[in-house]
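The values are calculated or read from the model by the stated rules, or taken from the named source; none is laboratory data. Everything numeric here is computed off the predicted structure, so don't read it as measured data. Positions of Cβ are backbone-derived with ideal geometry, glycine not excepted, and every protein chain shown enters the neighbour counts.
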């Protein structure tokens, strides 16, 4: 493979990297919107549950108040019977009943007060939840507007890059393209790695993809032979700095 083919492969890599980056941006924006939708659904469910709880507690209060009124009627009747008691035994029994009914009503009053306090607290938290829900809905509305604009821009950029990707692919042989695609899938789109010479005065080379040493013969092969050179460690297609420079000019 000559330098022209390597340049085409590197241009393909640049397009591939940009394309994946744009698609990632698109997915992140979609996930952000999905997060808003999920949060709103959670809040709506919580609000529905809170309203149901308030409704249930109000029903309990109504029942407690009904029980209280029923006991009050009973207390009134016992008082009348107490005043008409014929002996101490009957009087004592009625007095015990009266005190029991009064104690029951006192407990009912406490329960009613507890329920009403709980209802007030639930209503307060419900108000906060509804405010939060409104804020999330407004935020979602703004995000959807922004997302629509940026999504259209990203889709246009993706379309342009896909066209460029397709055009550059035409410049690469089917065999080399198949190798590129296989390696790209294995390395999240990064099929190529630059050869780096960390010490200019020494004949030492490393792969920019895995930071491992590259045999000198592979570097020489890139300069002299018509074939792809693969890193023995990470399996990426190797290229020289001159190829990257040529690609960036196009």
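Checking each residue in the stretch 197-243 for being touching a residue at least 40 places away in the same chain (Cβ under 8 Å), outside any loop (DSSP other than H, G, I, E, B) and exposed (fewer than 15 other Cβ atoms within 10 Å of the Cβ) picks out 241, 242.
Which residue, of 65, 52, is modelled with pLDDT of 90 or more, surrounded by fewer than 16 Cβ atoms within 10 Å (Cβ to Cβ) and more than 43 Å from the chain's Cα centre (by Cα)? Please lay out each step first, then the result.
Values: 52 fails: more than 43 Å from the chain's Cα centre (by Cα).
Residue meeting the stated conditions: 65.
Hey, does the stretch 87-94 have a residue that's outside any helix (DSSP H, G or I) and assigned by TED's automatic domain parsing to the domain that holds residue 111? Yes, the stretch 87-94 contains a residue that is outside any helix (DSSP H, G or I) and assigned by TED's automatic domain parsing to the domain that holds residue 111. Residues of the stretch 163-196 that are within 24 Å of residue 233 (Cβ to Cβ), free of Cβ contacts under 8 Å to residues at least 60 places away in the same chain and in a loop (DSSP other than H, G, I, E, B): 187 alone. A residue that is without any contact (Cβ under 8 Å) to a residue 40 or more places away in the chain and outside any helix (DSSP H, G or I) can be found somewhere in the stretch 75-85.
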